[in-house]
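What follows is one structure encoded as structure tokens, with my remarks underneath.
What follows draws every value from the coordinates through simple rules; no lab data is involved. Owing to the predicted nature of the structure, the values given are computational and were not obtained by experimental measurement. No Cβ is skipped: glycine too gets one built from the backbone with ideal geometry, and neighbour counts run over all protein chains shown.
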Ligand code: SF4
């Protein structure tokens with residue numbers, strides 16, 4: 001599973017960072033993105049996959065793009 005954030009849609013609410021800080025981070029400027037260590041990376045850990053899916057489902061802007 002790969003995950004990315006549609007920066008144009010993200011409203012920087014921080015919800016995904018709260019739910020899954022392993023994968024998402026808030027930068028110093030307040031923008032939110034997938035951590036560099038997970039960009040374009042196939043996430044195979046099932047617990048992490050579940051948290052990413054939870055974050056995507058909770059995103060108020062549906063800005064989290066999950067590719068199975
Ligand atoms: S939950 Fe969605 S809108 Fe909120 S910071 Fe994360 S990607 Fe952006």
Members of region 34-68 found to be touching a helix residue (DSSP H, G or I) at 6+ places or on another chain (Cβ under 7 Å), in a loop (DSSP other than H, G, I, E, B) and closer than 9 Å to residue 3 by Cα, listed by number: 43
Matching residues, region 16-39, being farther than 18 Å from residue 54 by Cα and in contact with a strand residue (DSSP E or B) (Cβ under 7 Å, 6 or more places away or on another chain): 27
Near pairs, Cβ below 8 angstrom, 6+ apart or cross-chain, from region 38-63 (more than 14 Å from the ligand (Cβ to nearest atom)) to any residue that is part of a helix (DSSP H, G or I): 43/49; 43/52
Whichever residue in region 3-33 is near the ligand (Cβ under 8 Å from one of its atoms) and in a strand (DSSP E or B) and, among such residues, is surrounded by the fewest Cβ atoms within 10 Å (Cβ to Cβ): 26
